[in-house]
Amino acid sequence: MLIPSFTITRSPALLAASGSGAQSISSLVFFLLIMVAIFYLLVFRPQGQQKRKTQEMLANLKTGDRVITNGGILGTVVGFGSSTVQLQIANQVRIELVRSAISGLQKTAEAPSGKKAEEPVEQETSAASKGRK
């Protein structure tokens, strides 16, 4: 059986195009590396820092801390289990949650000087609205 033989001739245009292919691949790899670095700096690193802060906060919980759960429930820590926390959410109302259900500590409403924060000032009504009543 005869196998036809083909001769491949390389034109100067094909040779020039093959040289630019290596350059385009290296520039593509360069831009991909830059995109990965930007993605790391904007997404992965801040997410890891936030996770580390949350784990530290959960490890340092103590009785009497005011916390907020993932569901929005506010409560005071009154007890601990092996992997659970017992919260008091009202007088004689206690619930038991897994530690991971706590999203953060509630900020206290004290002024920096140690005094209680002032009561919110009610808005005064204008004379025109008083006259209508």
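The values are calculated or read from the model by the stated rules, or taken from the named source; none is laboratory data. Given the structure is predicted, the values throughout are model-derived calculations rather than measurements. Neighbour counts are summed over all protein chains in view; Cβ atoms, including those assigned to glycine, are modelled from backbone coordinates with ideal geometry. Keep in mind that these areas ignore ligands, DNA and RNA; they rest on the heavy atoms of the full protein, side chains included. Shrake-Rupley method; radii C 1.70, N 1.55, O 1.52, S 1.80 Å.
Pick from the stretch 54-84 the residues that are under 11 Å from Arg99 (Cβ atoms), in a helix (DSSP H, G or I) and of a type outside the set (A, V, I, L, M): which of them is most open to solvent (accessible area, probe 1.4 Å)?
Keep residues of the stretch 54-84 that are under 11 Å from Arg99 (Cβ atoms), which gives 54-55, 57-59, 61, 67, 69, 77, 80-84.
Checking the rest, the ones that are also in a helix (DSSP H, G or I) come to 54-55, 57-59.
Still in the running and of a type outside the set (A, V, I, L, M): 54-55.
Numbers: Thr54: 44, Gln55: 109 Å².
Among them, the one singled out is Gln55.
Residue by residue, here is whether (1) open to solvent by less than 70 Å² (accessible area, probe 1.4 Å); (2) modelled with pLDDT under 70; (3) over 30 Å from Ile102 (Cβ atoms); (4) in a loop (DSSP other than H, G, I, E, B) holds:
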residue	(1), (2), (3), (4)
Leu2	no, yes, yes, yes
Thr9	no, yes, yes, yes
Leu15	no, yes, yes, no
Gly21	yes, yes, yes, no
Leu28	no, no, yes, no
Val36	no, no, yes, no
Val43	yes, no, no, no
Gln47	no, no, no, no
